[in-house]
1. So in segment 120-132, with the set limited to residues that are in a loop (DSSP other than H, G, I, E, B) and in contact with a strand residue (DSSP E or B) (Cβ under 6 Å, 6 or more places away or on another chain), which one is modelled with the lowest pLDDT?
2. Check ASP160 against each of (1) out of contact with any helix residue (DSSP H, G or I) (no Cβ under 8 Å at 6 or more places or on another chain); (2) on the phi > 0 side of the Ramachandran plot; (3) modelled with pLDDT under 70 and name the one condition it does not meet.
3. Would you mind stating whether ASN135 is surrounded by fewer than 15 Cβ atoms within 10 Å (Cβ to Cβ), at pLDDT 75 or above and either within 29 Å of TYR15 (Cα to Cα) or among the acidic types (Asp, Glu) (or both)?
Amino acid sequence: MITDDKQTNEHLRSYINYYTGLKNPRYAVLVKGEWGVGKTHLIKNILKDDQKFYVSLFGLTTIQEVHSAVFVKMYPNRSRLKKILNWFGSSSMKANDVTLALGPLVGNIANALIKEKVDNSKTIVFDDLERCSINLEDLFGAINKYVEHHGCKVIVIAHDDKLNDELTDKKEKIFGQVIKVTPDIEGAFNQFISKSKAPIAFEAIKDIIYKSFLASECKS
């Protein structure tokens, strides 16, 4: 059981490294698993900050907010925003009207700006799928726009129960690979005892702890 977990999560690392090395994969990757198995932690360890645009969907309610959150991650400072606005050449677009925070952009920036000006040099990681109230079909459509139209690499992190059977066809069109994360019992145990004042004592009862965890049928 423990060996299988390690192999599964090592497969995740190997595949993500392969996927992010592709020039234009034209599909997204879905990383799913139960609550608390460490999906986000794994992805953040695999992809460093300079390799990804990390976007939490938590609390977002509209597709416009999704596009805005992505835009803010891609263009986080005002100097770059002013250059982009000048590139669009519209006097009605004022950089001072932009709110640089996760969530919707306000002011006079046109929808076309945040939808069409996309930086595909890094992988977009969408997290907390289950914690946003946007219709899944609409959300998948927005994600697919980044993949198909802009040539972005996209990874979506989700809890299993959020993805229902009704969207199977839609998922298959967007996600070229689905990877399930399982609990890394040994890794969690080693991290726990490394912070303990009595690591030797815990090491001595490692097998008992493993068996108790498996018997509990706990998944995280």
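The values are calculated or read from the model by the stated rules, or taken from the named source; none is laboratory data. Remember, predicted model here, so these are calculated numbers, not experimental data. Please note: Cβ atoms are built from the backbone with ideal geometry, for glycine as well, and neighbour counts cover all protein chains shown.
1. Looking at the filtered set, the residue picked out is ASP128.
2. Of (1) out of contact with any helix residue (DSSP H, G or I) (no Cβ under 8 Å at 6 or more places or on another chain); (2) on the phi > 0 side of the Ramachandran plot; (3) modelled with pLDDT under 70, only one is false for ASP160: (2).
3. Details: surrounded by fewer than 15 Cβ atoms within 10 Å (Cβ to Cβ): yes; at pLDDT 75 or above: yes; either within 29 Å of TYR15 (Cα to Cα) or among the acidic types (Asp, Glu) (or both): yes.
In short, yes.
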